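Chemist: My structure is below; once you've seen it, I'll send some questions.
The values are calculated or read from the model by the stated rules, or taken from the named source; none is laboratory data. Computed from a predicted model, the values in this text were never measured in an experiment. For neighbour counting, all protein chains shown are included, and Cβ atoms are generated from backbone atoms with ideal geometry for every residue, glycine included.
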Amino acid sequence: MELTAQQIRDAVAGKLSRYYGAEVGNAVPAQVYKAVSLCVRDLLMAKKQIFNAAARKQGAKRVYYLCMEFLIGRNLRNNLSNLGLEKLFKKALAADGFDLAELYEIEADPGLGNGGLGRLAACFMDALAAQNYPAMGFTLRYEYGLFKQKIVDGRQIELPDEWLDSGEAWTVPRNDRAFTVRFGGEVREVWEEGRLKIRYENCTALEAFPYDLMLSGEGGDAVSVLRLWGVRAAAQGFDMAYFSHGDYAAALLRETEAQLLTKVLYPSDEHEVGKTLRISQQYALVSASLQNILKEHMLYYGSIETLPDKTAIHVNDTHPALAAPELMRLLLDEHGFSWEKAWDFTTRILHYTNHTVMAEALEQWGEELIKSRLPRVHMILREINNRFLKEEWERFPGDLARQERMSIFGGGQVRMANLAVIAARRVNGVSALHSDIIKQSVFRDFYEMSPDKFLNVTNGIAHRRWLCQANPRLDKLIAGLIGDGYRRDAGELKKLAAFKGDKSVLASLADIKLRNKTDFADFVKREQNFTLNPEARFDTQIKRLHEYKRQLLNVLKIISLYLDLRDDPDADVTPQAFIFGAKAAASYAHAKRVIALINALSAQIGQNKKIKGKLDVLFLENYNVSRAERLIPASEVSQQISLAGKEASGTSNMKFMLNGALTIGTLDGANVEMREAVGEGDIFIFGLTARGVEDLWRQGYYASAYYTGNARIRRIVDALKTGFAGESFADIANYLVANQIFSDPYMCLADFGAYMAAHEKLDALYKKPGAWNKKALLNIAESGRFAADRSIREYAEKVWDLKPVKI
Ligand code: 26V
């Protein structure tokens, strides 16, 4: 039945009255936002029920995506757009005097993620729903997210990110679906009823209970559920005795300890209690989710035997790798399986994606910690390892070194990546280059043992969100030229290539960019009181702050441009605005220094009236999904300049391409496939290749030689020592030029010359708007292959063996 504007008005009025005792005439915007959100939530719920019923009836296999992060972004606009209801809601609300666009701004970004890994998970939920794949995501309900970034005196300060006030409207608490998760204590094996049973003694029992958040996808019949686990102390553990004796603190302590688990994402693990918290979070996620999956399977199918036919579980990065021993535990201890049968099931159900080759993210946890915190899991891990090593020894007899490398245990640590690979049916990397690298480096031994396990699935993005919603002007232009079929099939964007010689189309493209830039400039003026010249070329680098991503290389280039302009302020240059958005991990001192440097440089340039407007540097505070949605459509240059071999894929590179920015980047991650797509002429590739990086490192990287041998580098490094806005950055200068074991592992200076040359080429092209815009158009035309829809179809076929449900 078609929804009418009047029905929407009535529904909103109903929510206002029921939940806030308010009327349309006196409700404040925050109440209206919540009332509208609750109405949309109802629509999603109804749609979900219909889809789930059909999926169950068809006995459809389902994928469960376990991930510590889901960076879903704001819900209201996304859902209205996906449901095709945006216009109708706009009209209905306007009739009562409310502006939908203003309501959108009330919603906080759910800060449930950190970076690319989390945003990818969100894009995937969208593509799963849009293409009718039955899917459910699992994560934790972090009360304060990662953190809210504030810049004070140029430095990053971390504040709690309070997203729940507005975010709660989207989640449905499900108290009926709680599961017990146990920590610590001792495990006793007892013979009972003719079989071995496991008894837990003196353990701490927590209760995980879900909040469901529904995620839509445009055009599809499916609604994916993201289940966010909250954690509390199990009720039966509440000790009335403490209370009766007046020891209230002791009575409350257990509750507080339980709640700690879901306060923040990635609490620091620099200390032992932090490590304990992190591993507890991972286990709570895994244990509650698996119990949930098994219970629902039993409910619908009545037997555990069909589990592998109906279930694919995805272990996204190593954080949920304890899914392997936990699934074993449930099958062995709760369902009475033999070891062989349980392992057969486990290795048919679990799949694993690796998202980085950086050593610090290949997690290891102390064995003693696992043993004391998760004793039963530890026993099972030991047995998994023993059996695996036996098999491995048969394949590679006598190769002790190999065995040591492949073991789950080593040096007193538990290696999560080895565990994930051993247990998974499929292992994939996230770009062609990255998948090759993992086969040759971190997982080489495993690849040699089971080559068929490994494959590539190149990442993709939710193109409807990142183009149709984030850049409505461009969406309209494209739909006018080629129809709106690309919304369902991003491959149709190719049709745009036919307009590469059409001057009026290219002019419209440029006009849209200018208008988006103007909007963004207005936004930062409002938010940060920063003045951006919308006529300048917007050149953007947005990603987590990390040495390997080389924000510093970008800064060196900007310093060089600044020094030139300071010498000759009247030089005839194209105005440029360099924009950064990045959070640094709270304990990552070097990354925080780079933020301080960017802000000091920004301040110094801002003080120079002759240069301001020609060269600007903006550090966009608290970079998040909503800010990306404003910035990417306004950007003309996309910085993808990681040291080759280090960036697994990158996904902002794809979003920029889709919005007509040109890429300057190294041959790293998905940049390689972007170059294949557009051809060498339409992307600015520079610098060392992954192979070149290895060779140079092996030969010895002598950074000081670049300093002594190159006057431009010398000038920049010296300027760092002198400093900006009254602060010296000699520490960063020393980092850049140090030799041998102290050298900059990401070799900024080695790539600097090539980077400047590529920048100069780009600068020259920008002076010819016709040629620039043609390349922008061709980039958009070729970006269809980077749609998440395509990635998800590949996962469905090659990894999960999953079919869409037909309604
Ligand atoms: C690492 C760490 C290290 C210590 C602090 C907490 C923490 C949290 C997460 C991680 C792993 C990050 C992995 C990640 O985000 N990888 C990114 O995944 C994207 C999606 O596949 C990919 O596009 C990016 O290239 C890759 O960096």
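Chemist: Going through GLY485, GLY480 one at a time, which residue ends up being closer than 21 Å to HIS463 by Cα, out of contact with any Asp or Glu (no Cβ under 9 Å at 6 or more places or on another chain) and free of Cβ contacts under 8 Å to residues at least 60 places away in the same chain?
Modeler: GLY480
Chemist: Using the structure shown, decide if GLU334 is within 16 Å of the ligand (Cβ to nearest atom), surrounded by fewer than 16 Cβ atoms within 10 Å (Cβ to Cβ) and on the phi < 0 side of the Ramachandran plot.
Modeler: Values: within 16 Å of the ligand (Cβ to nearest atom): no; surrounded by fewer than 16 Cβ atoms within 10 Å (Cβ to Cβ): yes; on the phi < 0 side of the Ramachandran plot: yes.
The answer is no for GLU334.
Chemist: List the residue pairs whose Cβ atoms are under 8 Å apart, where the first residue sits in segment 112-130 and is within 15 Å of ARG793 (Cα to Cα), the second is within 11 Å of the ligand (Cβ to nearest atom) and of a type in the set (Val, Ile, Thr), and the two are 6 or more positions apart or on different chains.
Modeler: LEU120/VAL430; LEU120/THR651; CYS123/ILE461; CYS123/THR651
Chemist: Return the only residue of GLU676, GLU680, GLU647 being within 16 Å of the ligand (Cβ to nearest atom) and modelled with pLDDT of 95 or more. It would help to see each step written out before you state the result.
Modeler: On the way: GLU676 fails: within 16 Å of the ligand (Cβ to nearest atom); GLU680 fails: within 16 Å of the ligand (Cβ to nearest atom).
None of the others qualify; the one that does is GLU647.
Chemist: Something else: Scan segment 183-232 for residues that are basic (Lys, Arg) and free of Cβ contacts under 8 Å to residues at least 40 places away in the same chain and report the count.
Modeler: Number satisfying all stated conditions: 3.
Chemist: Restricting to strands (runs of 3 or more DSSP E) lying wholly in segment 279-390: which have 2 or more residues that are in contact (Cβ under 8 Å) with a residue 60 or more places away in the chain, out of contact with any Ser or Thr (no Cβ under 9 Å at 6 or more places or on another chain) and closer than 23 Å to VAL799 by Cα?
Modeler: Details: elements: 311-316, 350-353, 364-366.
By residue number, 311-316, 350-353.
Chemist: Just to confirm my filter: which strands (runs of 3 or more DSSP E) fall fully inside segment 148-222 and include at least 2 residues that are closer than 26 Å to GLY73 by Cα?
Modeler: Working: elements: 148-152, 155-159, 171-173, 179-183, 186-192, 195-201, 204-216.
Output list reads 148-152, 155-159, 171-173, 204-216.
Chemist: Would you say GLN364 is within 16 Å of the ligand (Cβ to nearest atom), surrounded by fewer than 20 Cβ atoms within 10 Å (Cβ to Cβ) and modelled with pLDDT of 95 or more?
Modeler: Working: within 16 Å of the ligand (Cβ to nearest atom): yes; surrounded by fewer than 20 Cβ atoms within 10 Å (Cβ to Cβ): yes; modelled with pLDDT of 95 or more: yes.
Spelling it out, GLN364 is indeed within 16 Å of the ligand (Cβ to nearest atom), surrounded by fewer than 20 Cβ atoms within 10 Å (Cβ to Cβ) and modelled with pLDDT of 95 or more.
Chemist: For segment 345-357, what are the residues that are more than 16 Å from the ligand (Cβ to nearest atom) and either closer than 27 Å to LEU433 by Cα or in contact with a Phe, Trp or Tyr (Cβ under 9 Å, 6 or more places away or on another chain) (or both)? So that I can check it myself, show each step before the final result.
Modeler: Step one: of segment 345-357, the residues more than 16 Å from the ligand (Cβ to nearest atom) are 345-350.
Of everything in segment 345-357, those that are more than 16 Å from the ligand (Cβ to nearest atom) and either closer than 27 Å to LEU433 by Cα or in contact with a Phe, Trp or Tyr (Cβ under 9 Å, 6 or more places away or on another chain) (or both) turn out to be PHE345, THR347, ARG348, ILE349, LEU350.
Chemist: To continue, here is another question. Those residues that are surrounded by fewer than 24 Cβ atoms within 10 Å (Cβ to Cβ) and on the phi < 0 side of the Ramachandran plot, I need them from segment 53-63; list them, please. Reasoning before the result, please.
Modeler: Filtering segment 53-63 down to residues surrounded by fewer than 24 Cβ atoms within 10 Å (Cβ to Cβ) leaves 53-62.
Passing the criteria: ALA53, ALA54, ALA55, ARG56, LYS57, GLN58, ALA60, LYS61, ARG62.
Chemist: Going by what's in this entry, would VAL225 be described as under 24 Å from GLY184 (Cβ atoms) and modelled with pLDDT of 85 or more?
Modeler: Here the answer is no, as VAL225 does not meet what is asked.
Chemist: Going through GLY118, GLY111, GLY145 one at a time, which residue ends up being under 29 Å from LEU597 (Cβ atoms), modelled with pLDDT under 95, outside any strand (DSSP E or B) and within 16 Å of the ligand (Cβ to nearest atom)?
Modeler: One residue alone meets the criteria, GLY111.
Chemist: While we're on this one: Which one of the conditions (1) in contact with a helix residue (DSSP H, G or I) (Cβ under 6 Å, 6 or more places away or on another chain); (2) away from the ligand (no atom under 16 Å from the Cβ); (3) in contact (Cβ under 8 Å) with a residue 40 or more places away in the chain does ASP475 fail to meet, given that it meets all the rest?
Modeler: All conditions are met except number (3).
Chemist: Quick check on segment 409-454: of everything there that is surrounded by fewer than 24 Cβ atoms within 10 Å (Cβ to Cβ) and of a type in the set (Val, Ile, Thr), which residue is farthest from LEU120 (Cα to Cα)?
Modeler: Applying the filter and picking the extreme gives VAL442.
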